[in-house]
Amino acid sequence: MRPIVRGAVLRVVAPSGPFDPEDFAAGVAFLRERYEVRHRSDVLDRAGYLAGSDERRLDELNEALADPDAAAIVAARGGYGATRLLSDLSLERVRDAAIPLVGFSDITALHALWARASVPSMHGSMVAALGRSSDEARARWVTALEGDGPTLEGLERWVGGVAEGPLLGGNVAVLGSLLGTPHAPPLEGALLLLEDVGERPYRLDRVLTSMAQAGWLDRVAGVVVGELTDCRPGTDGVTAEAVLRERLEGLGVPVVGALPVGHGDRNEALWLGQRHRLDATLGTLENVSASQG
């Protein structure tokens, strides 16, 4: 991996859905205050709910991976579309390029590929969101990108205990779409990150039940639950948090909630694929990969 420092080259790609051009321009302008930003002229293409054709988005991502100067690849936005690219993306190309990827939500599908290639990636805000973020949030994003990410404290203890492992995962619905495919993340001994937006609690239950039945949840060393934004209960009154507690608290591993990560007002950037230490009793999550060399 190339150092990510002031003046580094960031390649901006749009592998998923289209986005607001003004937010994108504002995000690029912010990044250019510190980095050299490169993107294709057709990054604003639209094809319905996609940021252009599969061919355009695939070519764009491959071009970014082939850029010998790139220190990181930053997604413009999530939405939907990354899973459509997985079958045509080369695991070896991602591994050989060793360029970290930045994004979340739909980018969870690509984070899984990066994890399979043993290349770290950052779960954090994307360009369009940075365009409308506060100065404080932007500063934290830069600090995480150029370092190890924050140590998070004050997390809710769901199941106490301590565990260490690579932090992996992301959006619940996108992870569910990888079930039964060769594109699933390598969860053995991992700390599983879960977040989502706009999903009814019963839909989250369906995905988590499928994960359990597929043996995914038996493999993890711990679980960290982020924001469940606008995951409103139906007339039955069952909340999203209640669903996740019911599905996760019996796993026999440490579990925490209230991680400030996801689609809420605060989306802390965390490095996936790097070893973290979860102390669910104290309510802390720390990146320990640097201290362990």
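Kindly evaluate Ala258 against the criterion of being on the phi > 0 side of the Ramachandran plot and surrounded by fewer than 20 Cβ atoms within 10 Å (Cβ to Cβ).
yes
Kindly provide the set of residues from region 99-147 that are of a type in the set (S, T, N, Q) and closer than 22 Å to Val172 by Cα, ordered by number.
Ser105, Thr108, Ser118, Ser121, Ser125
Output the residues belonging to region 196-255 that are of a type in the set (S, T, N, Q) and in contact with an Asp or Glu (Cβ under 6 Å, 6 or more places away or on another chain).
Hits for region 196-255: nothing passes.
If a residue has to be among the hydrophobic types (A, V, I, L, M, F, W, C) and over 18 Å from Asn62 (Cβ atoms) to count, how many in region 2-18 make the cut?
Going through region 2-18 one residue at a time, the tally reaches 3.
What about Glu241, is it at pLDDT 95 or above, farther than 16 Å from Gly161 by Cα and in contact with a strand residue (DSSP E or B) (Cβ under 9 Å, 6 or more places away or on another chain)?
Yes, satisfied.
What strands (runs of 3 or more DSSP E) completely inside region 239-293 contain at least 2 residues that are closer than 23 Å to Gly79 by Cβ?
270-272
Could you tell me whether Ala112 is out of contact with any Phe, Trp or Tyr (no Cβ under 8 Å at 6 or more places or on another chain) and either among the hydrophobic types (A, V, I, L, M, F, W, C) or in contact (Cβ under 8 Å) with a residue 40 or more places away in the chain (or both)?
yes
Could we say that Val94 is more than 13 Å from the chain's Cα centre (by Cα) and buried (at least 16 other Cβ atoms within 10 Å of the Cβ) here?
So Val94 fits the description; yes.
Just a yes or no: is a residue in region 245-264 more than 18 Å from Ala190 (Cβ to Cβ), acidic (Asp, Glu) and within 20 Å of the chain's Cα centre (by Cα)?
Checked region 245-264: no residue is more than 18 Å from Ala190 (Cβ to Cβ), acidic (Asp, Glu) and within 20 Å of the chain's Cα centre (by Cα).
The values are calculated or read from the model by the stated rules, or taken from the named source; none is laboratory data. Please read these numbers as outputs of a predicted model, since none were measured by experiment. Cβ sites come from the backbone with ideal geometry, for glycine too, and all protein chains shown count toward neighbours.
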